[in-house]
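All remarks here apply to the structure that follows.
The values are calculated or read from the model by the stated rules, or taken from the named source; none is laboratory data. All figures in this text were calculated on a predicted structure; none of them were measured in a lab. Here the Cβ positions follow ideal geometry from the backbone for every residue, glycine too, while neighbour counts run over all protein chains shown. Just the protein is used for accessible areas: all its heavy atoms, side chains included, with ligands, DNA and RNA removed. Shrake-Rupley method; radii C 1.70, N 1.55, O 1.52, S 1.80 Å.
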Amino acid sequence: MYKIPLNSQGWKKERPVVVILSGAGLSAESGIPTYRDPQSNWKTTNAFDAEEAKRNPQLFLRETNERIREWKDAKPNAAHSAIADFTRRLRDRASILHITQNIDALSEDAGDTSVFHLHGSILKSRCQHCGAHFPRLAPYSLEDVCPACGKSDGAVRPDIVLFGDVPYGMDWIPGVIRQADIFIAVGTSLLVYPAAWFVVEAMEHGCLDRILITKDLPDELFTDPGHIDLDEADSLFEYTKFFRGSAARILPQVLEGIAWEIESRLSPKLLP
Ligand SMILES: [Zn+2]
C-alpha cells in the first residue's frame, strides 16, 4: 500500500478536516473535456458567459442541452470512486468536504456524498424570477414554467455559474478551508480564482498538508522550480507535496494513503 507521510502531527480539532478541491482533470478520463482541451467546445462559444447568456438566453439553453446530451453516457472514473470510497470509509472519523469546479454529475453517479458544486450542476435548475432551486426536469427551453412561482419566458435556467458570475458557497467555504488539516487539489487549473486562493487560505490558517495532483505541470518543476514563471504559477509553491499524473491513476493511491494514516492515528478502541 502507498503511504503518505503527513506533516501534521495532530488535528486542529478532534476529527481531521479534509478538503478536496477538484477541477476538470477529475472528469477528463470520463470523456468530459477540460476547459483547456483543444477539442473542447467550451471556448468556441460564449454561451456560458454571464452577459452573453442574458443577451441570448436561447443560445445558453441550447448549449447546455447540448452538453447534457454529450455527457449522458459518461461514467465516473477511478478518481470519482476514490473520493466516494474515502468519504464512506471515514464518515465517522473525519470531516470531509469535496468542492468541485465541475458541473457534471459524475461524483453523484459514483456515490460521493461529500461533493459541493462551486459552479453549480447540470442536475439542477434555478428560477431567475423567484430564486427557487429544483432538479432539472427536462431539456431546457424558454417555455419552461417555474414550479414555485409559475413564471416562464426564460425564468427557468440551468443552475450553473457562468463566466462572470460569483461561485456558490463563498459565504461558508472559506470557514471550512480555515479549519482544514489536509487540503488536496486535483485536476484543477492553478490559475482559476477563487479556487487558487483556497490553498493560500488553508496555509495561512495552519494547514500543514497541502497536496497537488495534476497532469499539467512542466518537467522543470520537478527538478528546478525556479524555471516556473512566478506570475503564472506562484500558488504552486503553496503546496507541500506534488504528484504528477492523471487523477484516475494518482488520487486513489493518495486517498488510500491518507485514509490509512487517519485510521492509524485514531485511538485503537475506535477502530473496528
Ligand atoms: Zn420561480
Report task. Scan around Phe242 for amide H atoms under 5 Å from its own, H built in the peptide plane at 1.01 Å from N, and keep only partners 5 or more places away or cross-chain. Result -> Leu212
Query - Lys215 accessible area, assembled protein chains, probe 1.4 Å, Å² - result: 130 Å²
Report task. Please give, to one decimal in nm, the separation of the simple spin-label points placed at Arg265 and Ser152, each 7 Å out from Cα toward the Cβ. Result -> 5.6 nm
Query raised in the report: Accessible area of Phe163, 1.4 Å probe, to the nearest 10 Å²?
Result: 90 Å²
Requested in this report: Give, in nm to one decimal, the length gained when the segment between Leu208 and Phe242 is fully stretched (0.36 nm per residue of separation minus the Cα-Cα distance).
Outcome: 10.9 nm
Requested in this report: With r as the distance between the Cβ atoms of His129 and Arg62 and R0 = 25 Å, compute the FRET efficiency 1/(1 + (r/R0)^6) and round to 0.05.
Outcome: 0.75
Query raised in the report: Rounded to the nearest 10 Å², what accessible area does Tyr140 show when all protein chains are kept and the probe is 1.4 Å?
Result: 20 Å²
**Report entry** Computed over the range 134-224: relative contact order in percent, which uses C-alpha pairs under 8 Å that are six or more apart
**Finding:** 21 percent
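What percent does the relative contact order of the range 75-200 come to when contacts are Cα pairs within less than 8 Å and at least six residues apart?
Normalised by residue count, the contact order of the range 75-200 is 18 percent.
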Query raised in the report: Sorting Asp209, Asp49 by accessible area (1.4 Å probe), largest first, what list results?
Result: Asp49, Asp209
Report summary line: So, over other residues within a Cβ distance under 13 Å of Asp181, counting Lys, Arg +1 and Asp, Glu -1, the net charge is +4
Report task. Taking all protein chains together and a probe of 1.4 Å, list Cys207, Cys130 from the most accessible to the least accessible. Result -> Cys130, Cys207
Query raised in the report: Of Asp171, Asp165, Asp159, which has the most accessible area and how do the rest follow, probe 1.4 Å?
Result: Asp171, Asp165, Asp159
Query raised in the report: Under a 5 Å amide H to amide H cut-off, with H placed in plane at 1.01 Å, what residues pair with Phe116 once short-range neighbours are removed?
Result: His98, Ile99, Thr100
Report summary line: With a 22 Å threshold on alpha-carbon distance, the violating pairs from Lys12/Lys241; Lys72/Lys151; Lys12/Lys215; Lys54/Lys124 are Lys72/Lys151; Lys12/Lys215
